[in-house]
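**Q** Quick one: the structure is below, questions incoming.
Every read-out reported here was derived from the displayed coordinates using simple, explicitly stated rules and does not represent laboratory data. Worth saying up front: this structure is predicted, and the values here are computed from it rather than measured. Methodologically, a virtual Cβ is constructed for each residue, glycine included, from the backbone with ideal geometry; neighbour enumeration extends over all protein chains shown.
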Amino acid sequence: MKKRLLALVLGCALPSCGVGNEPPSQNELIDAWKAELIEADQAFSDAVDQEGLDRWPEFFTDDGAMIQEGTGEIRGTDAIRAAMGAAAGAVTGFSWRPDRAEVSNGGDLGYTVGRYETRVAGPDGEELLSTGLYVSIWRRQEDGRWKVEMDLGNPVAGPSTDSSESEEGGDTEGRP
């Protein structure tokens, strides 16, 4: 009798113990993936800010691409490395911050949107500021890391020597 009572008590108690072990909902998964993507984009920005443009290509897929004003599409890490290497001498600083991310239901494709700020040495040696918006399209790799498939930037102000222009449109920290 005691064994049946114990089995009955355990049988009723165990299902309630499993409530905390329910798998996350699709919305919870998507929110977690969005947070991962924001973190990946911020890590990209931090690496470039701290270590320079040499780090830029490693955040792209092998056949990733970027579109730059006046240049068009630059595809593949070798071409991206060459383009960023050519820019490295003129760029005195740049930063970006992802404002938001969206992720597919499968968690393998997403994009980030944010603002960037680029500073370059002008012809007179004066620093020129350019600001804009960007969209980066990311793909999750087999190892779980996110890498950029396509990066697009759209300048909204610049180049200018007046940093107050960047404040007219709000926060302008972002990526070139």
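**Q** Lys and Arg at +1, Asp and Glu at -1: add these up for the other residues within a Cβ distance under 14 Å of residue 108 and post the number. List each step's numbers first, then the result.
**A** Details: positive: 34, 139, 140, 145, 147; negative: 36, 102, 142, 143, 149.
Summing Lys and Arg as +1 and Asp and Glu as -1 gives 0.
**Q** I need the calculated FRET efficiency for the pair residue 28 and residue 61, taking r as the beta carbon distance and R₀ as 25 Å, to the nearest 0.05. Present the calculation step by step, with values, prior to reporting the outcome.
**A** Details: r = 27 Å, r/R0 = 1.09.
So the FRET efficiency works out to roughly 0.40.
**Q** Let me ask something else about it. Set the Förster distance to 25 Å, then compute FRET efficiency between residue 90 and residue 39 from the Cβ-Cβ distance, nearest 0.05.
**A** Numbers: r = 30 Å, r/R0 = 1.18.
Here the calculated transfer efficiency is 0.25.
**Q** Here's a follow-up. Over all directions, average the projected area of the Cα convex hull of the stretch 18-91 and note it in nm².
**A** Working: hull surface 28.7 nm².
Answer in nm², one decimal: 7.2.
**Q** Sorted from largest down, give the three principal axis spans of the alpha carbons of the stretch 26-168, whole angstrom values.
**A** 54, 35, 26
**Q** Something else: Could you tell me how far the Cα centroid of the stretch 20-54 sits from the Cα centroid of the stretch 81-146, in Å?
**A** 15 Å
**Q** Shifting gears a bit: From Cα pairs below 8 angstrom and at least 6 apart in sequence, can you work out the relative contact order of the stretch 26-168, rounded to a whole percent?
**A** Numbers: 273 pairs, mean separation 31.4, N = 143.
The normalised contact order for the stretch 26-168 reaches 22 percent.
**Q** Another question, then. Starting with the highest mean, order 126-135, 86-95 by the number of other Cβ atoms within 10 Å, averaged over the residues of each peptide.
**A** Sorting 126-135, 86-95 by mean packing, highest first, produces 126-135, 86-95.
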